[in-house]
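The values are calculated or read from the model by the stated rules, or taken from the named source; none is laboratory data. The shown structure was predicted, so the numbers you read here are calculated from the model rather than taken from an experiment. Glycine also receives a Cβ, built like all others from the backbone with ideal geometry; neighbour counts cover every protein chain displayed.
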Amino acid sequence: MPTRLTLLQINDTHGYLEPHAELFWTAEGPDLRTAGGFTRIASIFAEARQENPGGVLAFDNGDTFHGTPELVESRGAAAVPILNALGLSAMTGHWDFAYGPVRAAELASALRYPFLAANCHALTPEAPRFAQTTVCEASGLRIGVIGLAATILDKTMPPAFSEGLRFTDGIEECRSHAARLRDEGCDLILVLSHLGLPQDCALADAVPGIDLLISGHTHNRLEAPVERNGALLIQSGCHGSFVGRIDLEIEAGRIVKVAHRLIPVTEEILEEPEMARLVAGACAATAALKDRIVGRTPVLLHRASCLDAPMDDALLAAIAAAAGTEIAFSNGWRYGAPIAAGPITEHALRCIVPTDPPVETVDLTGAEILAMMEANLEATFSGSAFRQRGGYVKRFRGLTLNAKLENPEGLRIEMAFGPDGSPLHPEAVYRAAFVTTQGVPKAFGSNRQRAGVTAVEALRRWFAADPAAPEGVGRLRIT
C-alpha cells in the first residue's frame with residue numbers, strides 16, 4: 001500500500017504579509033489581480049493538513065524577512081509569529097541576511113523550525129553558525145532535508161550581508177549530506193534551495209540521490225515539476241501569490257505517483273481567523289503608510305520582465321533627476337509587487353527600493369560602461385548555470401545597446417549609443433547616477449560622490465511632480 005506524502009512550498013514572499021496587486025500574464029499583456037496574504041496561505045496549509053493528517057511538510061525558501069516596511073522597520077521581527085503559526089518544517093534564505101548575519105541568526109533562533117544553510121561557512125570564530133540539515137517525519141517516513149542559502153550572498157550582495165561568512169554552490173555539501181542522511185535511514189532526500197532554478201537544475205545533475213528539490217530565488221511559476229537526474233524540482237512564484245503543492249505516493253522507498261498544483265492565493269480563498277489576527281498585529285505599525293498618497297504614476301509599474309521594466313524606468317528617472325544626470329544605473333531586481341497606474345502610496349513607494357540606499361554619481365568611460373554591461377549580460381545569460389547570478393539585466397537609462405545574447409562572453413554588445421543618440425565613445429567620460437554597488441560595482445568608474453538624497457526621497461519627489469511616463473529610458477535591443 002503506497003504511503004502518501006504532501007509537500008507545501010512558499011518562496012520569495014519578500015515581506016508581503018497582506019494581499020496585494022500581482023501581475024498575471026495574458027495574451028494581451030499584463031493583468032493585475034489581488035493575490036497573496038498569509039491569512040489565505042494559512043487556509044491552504046490547513047486544508048492540506050486536513051486532507052492528509054500527519055502527512056504534510058511545509059517549506060519556505062527564504063527572501064522572507066525583508067522587502068516591505070513591516071519587515072524593514074522591525075528588522076524581520078514582524079514576520080516571526082506569523083511564520084511560527086504557519087507550522088513550517090524548515091527554511092533557508094537570501095535577503096534574510098540583509099540586516100547582517102548576526103541578525104539573521106537571531107531571527108533563526110526565534111523560529112520553531114530550523115533555518116538551514118549547509119553551504120554557509122564561518123570565516124571567523126565570532127561569525128554565526130546555521131544548521132545544515134534536518135530530518136522531518138511525516139506519514140511514517142523520514143525525510144532528510146539539506147538547506148542551501150543563496151550562493152551570491154558574498155559575491156554580488158553588499159558586504160554587510162555576509163560579514164564573516166563564505167557561501168559555496170553547495171554541490172560538495174549536498175553530496176556529503178545526501179549520502180550521510182541516506183545511511184542514517186532517511187527514506188527521501190530533499191534539498192531546500194535558494195540558488196535559483198538554473199543552478200538548482202545544475203545541482204541536481206551534479207548530485208545523485210536527490211529525490212526532491214524545492215527551489216527559490218528566480219520567481220519561476222512552475223505549473224509542473226521539472227525532472228532532473230531522478231529529482232523532482234518545484235518553484236512557486238513570489239510575493240506569497242502562489243503556494244506550491246506536490247502530493248506523492250511512495251512505495252518501497254520510491255516515488256510511484258506525483259500530483260502537483262501551483263495554487264494562486266486569490267480572494268476566493270477564505271482567511272484563517274487566527275492568522276488574520278497575527279497579520280493585523282504585524283502590520284499595525286505601518287498601516288498608515290497605505291493611506292498616505294505621495295503622488296501618482298501614469299503607468300503600471302512592475303519588475304516582471306528581464307531586459308527592462310517600468311518600475312525600474314521610474315526609479316532611474318527619479319535618481320537621474322535628483323543627481324542631474326542623463327545616464328543612470330540600478331540593479332536588475334525582481335522583488336516588489338506591481339503598482340497600478342494612478343495614486344501611489346508611501347507604502348508602495350518604499351517597497352520599490354526597501355533598502356533606501358543613497359543616490360550617488362560616478363564618472364565612467366565608454367569602455368567601462370561596455371565592460372560593466374558585458375559582465376552583467378554574462379552574469380544573467382551565461383551558458384554555465386553557476387556563473388549566472390540569478391538577476392535580471394542591469395537597469396540603465398540614457399543608453400541604447402544592441403546585443404546578441406547568443407554570442408560568447410564579452411562579445412554580446414554590438415553597438416552602443418549615448419543620451420544624444422551618438423555612438424558611445426570608449427575614451428569619453430560620462431557622468432551617471434546609481435544606487436548601491438550593485439548598480440555600478442566598485443571595479444568601474446571614478447570620482448564617486450553622494451548626491452545628498454536617498455532613493456526613496458528621489459522617488460517621492462518624482463511621483464509628487466505628477467510625472468508623465470519616463471522619457472530617455474535605456475533599452476537593450478536584441479538584434
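Restricting to the range 403-414, and then to whatever is touching a residue at least 60 places away in the same chain (Cβ under 8 Å) and of a type in the set (A, V, I, L, M), can you tell me which residue is surrounded by the fewest Cβ atoms within 10 Å (Cβ to Cβ)?
Leu405
Quick one: which strands (runs of 3 or more DSSP E) lie wholly within the range 188-297 and hold at least 3 residues that are assigned by TED's automatic domain parsing to the domain that holds Ala78 and under 19 Å from Val56 (Cα atoms)?
Here the list reads 188-193, 212-215, 231-234, 242-251, 254-264.
If you go through the range 229-248 one residue at a time, how many are touching a Leu at 6+ places or on another chain (Cβ under 8 Å) and either surrounded by fewer than 17 Cβ atoms within 10 Å (Cβ to Cβ) or hydrophobic (A, V, I, L, M, F, W, C) (or both)?
Going through the range 229-248 one residue at a time, the tally reaches 8.
Among the residues of the range 68-90, which ones are out of contact with any Leu (no Cβ under 9 Å at 6 or more places or on another chain), of a type outside the set (Val, Ile, Thr) and either over 16 Å from Val56 (Cα atoms) or surrounded by fewer than 19 Cβ atoms within 10 Å (Cβ to Cβ) (or both)?
Listed by number, the residues that qualify are Glu73, Ser74, Gly87.
Scan the range 455-479 and report the pairs whose first residue is outside the structural domain of Ala403 (by TED's automatic domain parsing) and at positive phi and whose second residue is modelled with pLDDT under 95 and among the aromatic types (Phe, Trp, Tyr), with Cβ atoms within less than 9 Å and a gap of 6+ or a chain change.
none
Kindly indicate which of Ser236, Ser176, Ser215 is in contact (Cβ under 8 Å) with a residue 40 or more places away in the chain, under 28 Å from Ala127 (Cα atoms) and of a type in the set (S, T, N, Q).
Going through Ser236, Ser176, Ser215 in turn, just one is in contact (Cβ under 8 Å) with a residue 40 or more places away in the chain, under 28 Å from Ala127 (Cα atoms) and of a type in the set (S, T, N, Q): Ser215.
Could you tell me how many of the residues in the range 416-442 are in a strand (DSSP E or B) and either more than 19 Å from Asp313 (Cβ to Cβ) or touching a residue at least 24 places away in the same chain (Cβ under 8 Å) (or both)?
Residues meeting the conditions: 9.
Report every pair of residues separated by at least 6 positions or lying on different chains whose Cβ atoms are under 8 Å apart, first residue within the range 373-388 and basic (Lys, Arg), second assigned to a helix (DSSP H, G or I).
From the range 373-388, the pairs are Arg387/Glu378; Arg387/Ala379.
Given the conditions (1) surrounded by fewer than 19 Cβ atoms within 10 Å (Cβ to Cβ); (2) assigned to a helix (DSSP H, G or I), report the number of the one that Asp31 does not fulfil.
For Asp31, the failing item is (2).
Just to be sure I understand the filter: pairs with C-beta atoms under 6 Å, separated by 6 or more residues or on different chains, first member in the range 67-84 and over 13 Å from Tyr99 (Cβ atoms), second member in a helix (DSSP H, G or I) and of a type in the set (S, T, N, Q). Which pairs pass?
Pro69/Thr286; Glu70/Thr286
Scan the range 165-175 and tell me whether some residue there is under 19 Å from Ala118 (Cβ atoms), touching a strand residue (DSSP E or B) at 6+ places or on another chain (Cβ under 9 Å) and either assigned to a helix (DSSP H, G or I) or not assigned by TED's automatic domain parsing to the domain that holds Trp25 (or both).
Checked against the condition, which is being under 19 Å from Ala118 (Cβ atoms), touching a strand residue (DSSP E or B) at 6+ places or on another chain (Cβ under 9 Å) and either assigned to a helix (DSSP H, G or I) or not assigned by TED's automatic domain parsing to the domain that holds Trp25 (or both), the range 165-175 yields at least one hit.
Against the condition in contact (Cβ under 8 Å) with a residue 12 or more places away in the chain, surrounded by fewer than 21 Cβ atoms within 10 Å (Cβ to Cβ) and in a strand (DSSP E or B), how does Thr134 come out, does it pass?
Yes.
Determine whether Ala104 is assigned by TED's automatic domain parsing to the domain that holds Leu7, surrounded by fewer than 24 Cβ atoms within 10 Å (Cβ to Cβ) and within 30 Å of Ala285 (Cα to Cα).
So Ala104 fails the test.
Specify the residue that is farthest from the chain's Cα centre (by Cα); the eligible residues are those in the range 306-324 that are under 28 Å from Ala79 (Cβ atoms) and either part of a helix (DSSP H, G or I) or not hydrophobic (A, V, I, L, M, F, W, C) (or both).
Per the stated criteria, the residue is Ala314.
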